Amino acid sequence: MRTKLAAGNWKLNGLMSDLTEIEQLASLIGSPSAEVLICPPATLIGTMVQTAKGSPIKIGAQNCHHAQNGAHTGDISAEMVADAGASYIILGHSERRADYGETNACVRDKTKSAWAAGLTAIVCVGETLDQRKSSNTLDIIGGQLAGSIPDLATAEKLVVAYEPVWAIGTGLTPTLDEIGEVHDFIRARLERRFGEGVGRSVRILYGGSMNPKNVDEIAHVSNVDGGLVGGASLKAVDFAPIVLALSKA
Ligand code: 13P
């Protein structure tokens, strides 16, 4: 039995004044059966950990440098975000792959670093619209999984997020069959590489325009173990129903 994970990715959004959303979210969700995670910008991690204390909300980061320390102006390490109180970290998001040219090898190095710091890595994969149109989706996802995830994964250390690039922030989502096809494929690849025990226990999230209206049906697709939510995670009134729907699924 995999515990569902409702993860919010705040991306480049969030000021101190938005910490009230965390207080409100905590009061709206009570004690949900799904695990709840918010990944704010790095500037808010430490304070948000304090705000979330005593609630079921966990805090994560959105990126790190692969090195633990050194001459890398402007970067932060996995150890630093763990030290600030983060327990998860999103790695290899398509926006970072596109904006900063992050390759699979780069994501793998960051993931190793995250694991060394005791963080659970949410490794993101997903195809572009062109890749889907040319029927390359599964090839692309297979390559990203093989290249971005280090050896020796466990369910405690790894979560995979399937986020079709064309569904992010667009209001578009794949059909439920398309989501199921990719999630089943990811499950099979994880089982093949890491063995049935680990492969079956790693959680696979769907991300891309998930909202309070579509979460219920997506949550019931096979091998969907939760959501990685962007826009609809910013406001407690939007994210709370997503948490509760995932808790019921
Ligand atoms: P949206 O939910 O805004 O489409 O973003 C999804 C995403 O990229 C989460 O990482």
Review point. If the Cβ limit is 7 Å and pairs must be 6+ apart or interchain, which residue in segment 198-218 that is at positive phi and at pLDDT 95 or above pairs with which residue that is in a helix (DSSP H, G or I) and within 16 Å of the ligand (Cβ to nearest atom)?
Key: G208/A167; S209/A167
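Taking into account only those residues within segment 1-18 that are part of a loop (DSSP other than H, G, I, E, B) and of a type in the set (D, E, K, R), which is farthest from G60 (Cα to Cα)?
Of everything passing the filter in segment 1-18, R2 is farthest from G60 (Cα to Cα).
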Study note, to complete from the structure: When every residue in segment 150-183 that is within 9 Å of the ligand (Cβ to nearest atom) and at positive phi is compared, the one surrounded by the fewest Cβ atoms within 10 Å (Cβ to Cβ) is G171
Point to revise | Selection status of E21, within 16 Å of the ligand (Cβ to nearest atom), modelled with pLDDT of 95 or more and part of a helix (DSSP H, G or I) | key: yes
Study note, to complete from the structure: Residue count, segment 60-106, condition among the aliphatic types (A, V, I, L, M), under 21 Å from L145 (Cβ atoms) and under 13 Å from the mean Cα position of the chain (by Cα), comes to 3
Point to revise | Test set (1) more than 20 Å from W10 (Cβ to Cβ); (2) charged (D, E, K, R); (3) within 15 Å of the ligand (Cβ to nearest atom); (4) in contact (Cβ under 8 Å) with a residue 24 or more places away in the chain - K235 fails condition number | key: (1)
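To keep it simple, each residue is scored yes or no on (1) outside any strand (DSSP E or B); (2) in contact (Cβ under 8 Å) with a residue 40 or more places away in the chain; (3) crowded, with 19+ Cβ neighbours inside 10 Å; (4) among the polar types (S, T, N, Q).
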site	(1), (2), (3), (4)
I90	no, yes, yes, no
R97	yes, no, yes, no
E102	yes, no, yes, no
R108	yes, yes, yes, no
Revision key, fill the gap. Within segment 185-206, residues being more than 17 Å from the chain's Cα centre (by Cα) and under 26 Å from I242 (Cα atoms) number 3
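Please work out if L138 is assigned to a helix (DSSP H, G or I), away from the ligand (no atom under 16 Å from the Cβ), buried (at least 18 other Cβ atoms within 10 Å of the Cβ) and modelled with pLDDT of 95 or more. Walk me through it before giving the result.
On the way: assigned to a helix (DSSP H, G or I): yes; away from the ligand (no atom under 16 Å from the Cβ): yes; buried (at least 18 other Cβ atoms within 10 Å of the Cβ): no; modelled with pLDDT of 95 or more: yes.
So L138 does not fit the description; no.
Across segment 1-30, what is the total count of residues that are hydroxyl-bearing (S, T, Y) and either touching a helix residue (DSSP H, G or I) at 6+ places or on another chain (Cβ under 9 Å) or at positive phi (or both)? Steps first, answer last, please.
Taking segment 1-30 as the starting set, the residues that turn out to be hydroxyl-bearing (S, T, Y) are 3, 17, 20, 27.
Pick out the ones that are also either touching a helix residue (DSSP H, G or I) at 6+ places or on another chain (Cβ under 9 Å) or at positive phi (or both) and you get 20, 27.
Residues flagged as hydroxyl-bearing (S, T, Y) and either touching a helix residue (DSSP H, G or I) at 6+ places or on another chain (Cβ under 9 Å) or at positive phi (or both) within segment 1-30 amount to 2.
The values are calculated or read from the model by the stated rules, or taken from the named source; none is laboratory data. The model shown is predicted, which means the values in this text are computed figures rather than measured ones. Note: ideal-geometry Cβ built from the backbone for every residue, glycine included; neighbour counts use all protein chains shown.
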